Amino acid sequence: MIGAVVFDVGETLVDETREYGTWADWLGVPRHTFVSVFGAVIARGQDYRDVFQVFRPGFDLAEERKARARAGQPENYSEDDLYPDVRSALSKLRAMGIWVGIVGNQTVRSGKILRSLDLPTDFIATSDDWGVEKPSPAFFSKVVEVAPCSAAEIIYVGDRIDNDVAPAKAAGMRTAYIQRGPWGWILRDMPEVAELSDWRIRDLSELPGIVAMENDG
C-alpha cells in the first residue's frame, strides 16, 4: 500500500528557468552561455554549484544569495513558476487519502515561498529547516520520521538519481523518477534510472493512477 507521496522541489514542482536566468544576469553572463555550461557540468556528473566556479572562481553561493538580497534581488519564484501539473496532481492524491509532502534541498526563504503558495499538501520542509541536505541518509530518515507510514509505503518523487532516487531507495522508499529539467533529460539513459526507479514518469498527473493501481491491487 502507498500511504504517502513526497516531492522534491526544483524541476519536480518548480520550473527553475527564471531563477537560473537571474543568476546568469547576476554573474554578467549571457543566459544561453550559462545554461549551456550548466548542462555540461551536469553531464560530467559534477555538482551543479560548480557552474558558478566556471564563471567566478571562489564563488560562495550562500554569500552571493545574501548579496542579492541586500541588492533587492533575492531568490524568488511564484505560482507562474510551478509546472502546470502540480496543483492538479497534488489535489488528486490528497482526495485519495494520500499524505502529500514536499521536502527538498532548499533555503529557508524558499520554504516560506512554498508555504505562501498554499499548495494542497500536508507537510512542507526544506534542507535548511532541517539542517541536513540530500543525499544524506539523515535527510531521508527525517522524511520517514515525519510521514504517517513506513518507508515502504512512501513514494519519493524527484528528477535526480544522485540526490533523489538513489538515497530514497536506500532508505527503503519507493521511487518515481520524473524526466524533466536538466538532470531529468541529460541523465535519463543512465542505467541507474531503470535499476533504482520503481516508476519513470513524464508528468505528475501519472501519479494518482500509479497509486490507485498499487493500492487497489
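The values are calculated or read from the model by the stated rules, or taken from the named source; none is laboratory data. From a predicted model like this one, the values you see are computed outputs, not experimental measurements. Glycine also receives a Cβ, built like all others from the backbone with ideal geometry; neighbour counts cover every protein chain displayed. Side chains included, ligands, DNA and RNA excluded: accessible areas come from the protein's heavy atoms. Shrake-Rupley method; radii C 1.70, N 1.55, O 1.52, S 1.80 Å.
Among the residues of the range 127-141, is any within 24 Å of Asp203 (Cα to Cα) and open to solvent by 40 Å² or more (accessible area, probe 1.4 Å)?
First, the residues of the range 127-141 that are within 24 Å of Asp203 (Cα to Cα): 134-135, 140.
Going one step further and asking which of them are open to solvent by 40 Å² or more (accessible area, probe 1.4 Å), we end up with 135.
Looking for residues that are within 24 Å of Asp203 (Cα to Cα) and open to solvent by 40 Å² or more (accessible area, probe 1.4 Å), one finds at least one in the range 127-141, hence yes.
Filter the range 181-203 down to the residues that are outside any helix (DSSP H, G or I) and without any contact (Cβ under 8 Å) to a residue 60 or more places away in the chain and list them by number. Step through it out loud before you land on a result.
Residues of the range 181-203 outside any helix (DSSP H, G or I): 187-190, 197-203.
Listed by number, the residues that qualify are Arg188, Asp189, Met190, Ser197, Asp198, Trp199, Arg200, Ile201, Arg202.
Looking only at the range 18-44, count how many residues are over 22 Å from the mean Cα position of the chain (by Cα) and among the polar types (S, T, N, Q).
1
Please enumerate the residues belonging to the range 83-99 that are within 22 Å of the chain's Cα centre (by Cα) and open to solvent by 20 Å² or more (accessible area, probe 1.4 Å). Show your work before the answer.
First pass over the range 83-99, keeping only residues within 22 Å of the chain's Cα centre (by Cα): 83-94, 98-99.
Matches in the range 83-99: Tyr83, Pro84, Arg87, Ser88, Ser91, Lys92, Arg94, Trp99.
Go through the range 100-126 and report how many residues are over 17 Å from Ile154 (Cα atoms), among the small types (Gly, Ala, Ser) and surrounded by 15 or more Cβ atoms within 10 Å (Cβ to Cβ).
Of the residues in the range 100-126, 2 are over 17 Å from Ile154 (Cα atoms), among the small types (Gly, Ala, Ser) and surrounded by 15 or more Cβ atoms within 10 Å (Cβ to Cβ).
Please determine, by comparing only the residues of the range 45-72 that are charged (D, E, K, R) and more than 20 Å from the chain's Cα centre (by Cα), which one is nearest to Pro30 (Cα to Cα).
Just the residues of the range 45-72 that are charged (D, E, K, R), to begin with: 47, 49-50, 56, 60, 63-66, 68, 70.
In the following step, the residues that additionally are more than 20 Å from the chain's Cα centre (by Cα) were identified as 56, 60, 63-64, 66, 68, 70.
Values: Arg56: 14, Asp60: 20, Glu63: 22, Glu64: 18, Lys66: 22, Arg68: 18, Arg70: 23 Å.
Only one residue fits best here, namely Arg56.
Quick check on the range 49-94: of everything there that is outside any helix (DSSP H, G or I) and of a type in the set (S, T, N, Q), which residue is farthest from Gly21 (Cα to Cα)?
Step one: of the range 49-94, the residues outside any helix (DSSP H, G or I) are 49, 56-60, 71-78, 82-85.
Okay, now just the ones that are also of a type in the set (S, T, N, Q), so 73, 76, 78.
Numbers: Gln73: 12, Asn76: 12, Ser78: 15 Å.
Restricting to residues being outside any helix (DSSP H, G or I) and of a type in the set (S, T, N, Q), the top hit is Ser78.
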